[in-house]
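Undergrad: Below is a structure I'd like to ask you about.
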Amino acid sequence: MDWGTELWDQFEVIERHTQWGLDLLDRYVKFVKERTEVEQAYAKQLRNLVKKYLPKRPAKDDPESKFSQQQSFLQILQEVNDFAGQRELVAENLSVHVCLELAKYSQEMKQERKMHFQEGRRAQQQLESGFKQLENSKRKFERDCREAEKAAQNAERLDQDINATKADVEKAKQQAHLRSHMAEESKNEYAAQLQRFNRDQAHFYFSQMPQIFDKLQDMDERRATHLGAGYGLLSEAELQVLPIITKCLEGMKVAAAAVDSKNDSQVLIELHKSGFARPGDVEFEDFSQPMNRAPSDSSLGTPSDGRPELRGPARSRAKRWPFGKKNKTVVTEDFSHLPPEQQRKRLQQQLEERNRELQKEVDQREALKKMKDVYEKTPQMGDPASLEPQIAETLNNIERLKLEVQKYEAWLAEAESRVLSNRGDSLSRHTRPPDPPASAPPDSSSSSNSGSQENKESSEEPPLEEGQDTPIYTEFDEDFEEESASPIGHCVAIYQFEGSSEGTISMAEGEDLSLMEEDKGDGWTRVRRKQGGEGYVPTSYLRVTLN
């Protein structure tokens, strides 16, 4: 069934329907355009949200970036940012493949529809013009017939009138004959015009207009098909980005699962443990004895001016509470203002940076020397003397960096010794496994511990009179947790080690040892010898097997 056959007399209906179809196409284009604006605004808001919550400092300068919680949050922000990019891609695809293409197609359809209806109206005007000509010829034929009849009646009347002259009668007969001839010509013209109109009318209704209506039907069906495809593109644009959006959502799930509370606790310890030894017991000061007794490091003395003087542990009493408010400290080049463990880490970082710079300068010097050799062999390539200032500059930099490396190595060795000393003091003050073997090397006596601790405090901390009431603790040290009595693994000494520092233990190459505590990140592992005795040895000297 087609429009040309079934709707041959519904020209206005077809005209309204095709206009409605084009209006629907334009409405859909407008809808998709506003949809793209929504997607673009959504993506922009998501990107602004991500930008708002991104850290202001670079990751290398932000200690919080070491925590899995922060890393997972940054990963989620990245996934949301990628999700926003997919929304922008949806908006772009809709704008290009729907809005632009359908808008262009709508203009083409409007031109085609206009052309078809102009053709139909021309055919209609031609048919109406033929009908008017038919009506004119018909009226002319009717008029000529009446005139011929009048002329015949007038001639017959004059012929019967005896008073009429012969000339009048002949003139009347000639007029009647002329009118009759004109009527006959009008009749023939009317018949020809009628035949022509019927032919044109049949062509109009059975051929010309059906073809135009069929073209309009084809145009409208193509428009509907194209519009249906545009409807599909709305969902296709979503389906194209759905796999990536799914990956973004899966990435968020992975980031959520990557939060490791235990590891974050370990990271916090590594970032902030001080390496200081925990304070020993406060000694009893007997004030019941006469005040003129000899002053000691653990009691109150009476100086010559009569004022009591703080001595010994009393001087560092303000430093015992680890949660006290910190005073502002002066930053020093050797990081001595930091706790021992943090000082060691910062010195290691500085030493690694200086070594990298030194290697870079050495490589640059080698490259300049090779270039100088090339210039000497091929003078046209350049003047060898022009490289002398650069070579001299690299030599100066190398010497300067070597001195800095030596300086930081010395500071690092001193800091590591300090850390080991503090660890040994801490180990000696806390619970040991019951009944250690008699052959275990002694850690240190209480007197030496107290003496070294007092000396360390007096040498490293300024006196109270200078206003430097800086607590020696920043965080709890994980190394001072109560030790377990049973081994957690087995290890074999790869190299010989002489434990000369406090808290360390000697071992022979190939010796079997019991693993008592894993490396906490400082390069030392606590072991127990089969012959008896526990202490720390370098982790790199061991081959470890956990239980």
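The values are calculated or read from the model by the stated rules, or taken from the named source; none is laboratory data. Since we're looking at a predicted model, the values are computed, not measured. A quick note on method: Cβ atoms are made from the backbone with ideal geometry, for glycine too, and the neighbour counts reach across all protein chains shown. Heads up: the accessible areas ignore ligands, DNA and RNA and are worked out on the full protein's heavy atoms, side chains in. Shrake-Rupley method; radii C 1.70, N 1.55, O 1.52, S 1.80 Å.
Undergrad: Assuming A294 fulfils every condition listed in (1) exposed (fewer than 11 other Cβ atoms within 10 Å of the Cβ); (2) among the aliphatic types (A, V, I, L, M); (3) at pLDDT 90 or above apart from one, which condition is it?
TA: Condition (3) is where A294 drops out.
Undergrad: For the condition modelled with pLDDT under 90, in the same structural domain as Q10 (by the TED database) and open to solvent by 70 Å² or more (accessible area, probe 1.4 Å), what is the one hit in R157, R146, R121?
TA: Going through R157, R146, R121 in turn, just one is modelled with pLDDT under 90, in the same structural domain as Q10 (by the TED database) and open to solvent by 70 Å² or more (accessible area, probe 1.4 Å): R157.
Undergrad: Scan region 509-525 and report the pairs whose first residue is more than 16 Å from T545 (Cα to Cα) and whose second residue is part of a strand (DSSP E or B), with Cβ atoms within less than 8 Å and a gap of 6+ or a chain change.
TA: Final answer for the pair search is E509/A493; G523/P538.
Undergrad: Which residue out of E352, E404 is at pLDDT 85 or above, of a type in the set (D, E, K, R) and surrounded by 15 or more Cβ atoms within 10 Å (Cβ to Cβ)?
TA: Selected residue: E404, the only one of E352, E404 that is at pLDDT 85 or above, of a type in the set (D, E, K, R) and surrounded by 15 or more Cβ atoms within 10 Å (Cβ to Cβ).
Undergrad: Mind listing whichever residues of region 1-38 are among the charged types (D, E, K, R) and within 25 Å of Q107 (Cβ to Cβ)?
TA: E12, E15, R16, D23, D26, R27, K30, K33, E34, R35, E37
Undergrad: Go over the candidates R122, R113 one by one and state the one that is out of contact with any helix residue (DSSP H, G or I) (no Cβ under 7 Å at 6 or more places or on another chain) and under 30 Å from F206 (Cα atoms).
TA: Checking each option against the conditions leaves just R122.
Undergrad: State all residues of region 124-143 that are buried (at least 18 other Cβ atoms within 10 Å of the Cβ) and not charged (D, E, K, R); if no residue qualifies, say none.
TA: Once the filter is applied, which keeps residues that are buried (at least 18 other Cβ atoms within 10 Å of the Cβ) and not charged (D, E, K, R), region 124-143 yields L127, G130, L134, S137, F141.
Undergrad: Counting only residues that are among the hydroxyl-bearing types (S, T, Y) and farther than 14 Å from L24 by Cβ, which one in region 205-233 is surrounded by the most Cβ atoms within 10 Å (Cβ to Cβ)?
TA: Our first condition is that a residue be among the hydroxyl-bearing types (S, T, Y); within region 205-233, this holds for 205, 207, 225, 231.
Cutting the leftovers down to farther than 14 Å from L24 by Cβ gives us 205, 207.
Working: Y205: 14, S207: 12.
The extreme case among them is Y205.
Undergrad: Which of the residues spanning region 12-44 are touching a Lys or Arg at 6+ places or on another chain (Cβ under 7 Å) and not hydrophobic (A, V, I, L, M, F, W, C)? If you could, list the steps in order and put the result at the bottom.
TA: Of all residues in region 12-44, those touching a Lys or Arg at 6+ places or on another chain (Cβ under 7 Å) come to 18, 21-22, 25, 39, 42-43.
Residues satisfying the conditions are T18, G21, E39, Y42.
Undergrad: Please determine, by comparing only the residues of region 1-51 that are touching a residue at least 12 places away in the same chain (Cβ under 8 Å) and polar (S, T, N, Q), which one is farthest from G232 (Cα to Cα).
TA: T5
Undergrad: Only one residue in F197, F206 is more than 24 Å from N136 (Cβ to Cβ), in a helix (DSSP H, G or I) and either aromatic (F, W, Y) or outside the structural domain of G130 (by the TED database) (or both). Which one?
TA: Unique residue meeting the criteria: F206.
Undergrad: One residue is enough: does region 100-117 have a residue meeting the conditions surrounded by 13 or more Cβ atoms within 10 Å (Cβ to Cβ) and hydroxyl-bearing (S, T, Y)?
TA: yes
Every residue, every condition in (1) within 30 Å of Q86 (Cβ to Cβ); (2) assigned to a loop (DSSP other than H, G, I, E, B); (3) modelled with pLDDT of 95 or more, yes or no:
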position	(1), (2), (3)
M1	no, yes, no
G4	no, no, no
W20	no, no, yes
F31	yes, no, yes
E34	yes, no, yes
V38	yes, no, yes
A41	yes, no, yes
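Undergrad: Find all pairs meeting these conditions: Cβ atoms under 6 angstrom apart; at least six residues apart or on different chains; first residue within region 173-188 and within 15 Å of Q153 (Cα to Cα); second residue open to solvent by 60 Å² or more (accessible area, probe 1.4 Å).
TA: So the pair list comes out as R179/E147.
Undergrad: Continuing with the same structure: Which numbered condition trips up A314, out of (1) on the phi < 0 side of the Ramachandran plot; (2) modelled with pLDDT under 50; (3) in a loop (DSSP other than H, G, I, E, B)?
TA: Tallying (1) on the phi < 0 side of the Ramachandran plot; (2) modelled with pLDDT under 50; (3) in a loop (DSSP other than H, G, I, E, B), A314 fails exactly one: (3).
Undergrad: Residue check, A91 against (1) under 30 Å from Q193 (Cβ atoms); (2) touching a helix residue (DSSP H, G or I) at 6+ places or on another chain (Cβ under 7 Å); (3) of a type outside the set (D, E, K, R), all met but one. Which one?
TA: Evaluating A91 over (1) under 30 Å from Q193 (Cβ atoms); (2) touching a helix residue (DSSP H, G or I) at 6+ places or on another chain (Cβ under 7 Å); (3) of a type outside the set (D, E, K, R) leaves (1) as the failure.
Undergrad: Restricting attention to region 91-121, and to residues there that are of a type in the set (A, V, I, L, M) and touching a Ser or Thr at 6+ places or on another chain (Cβ under 8 Å), which single residue is farthest from K44 (Cα to Cα)?
TA: L94
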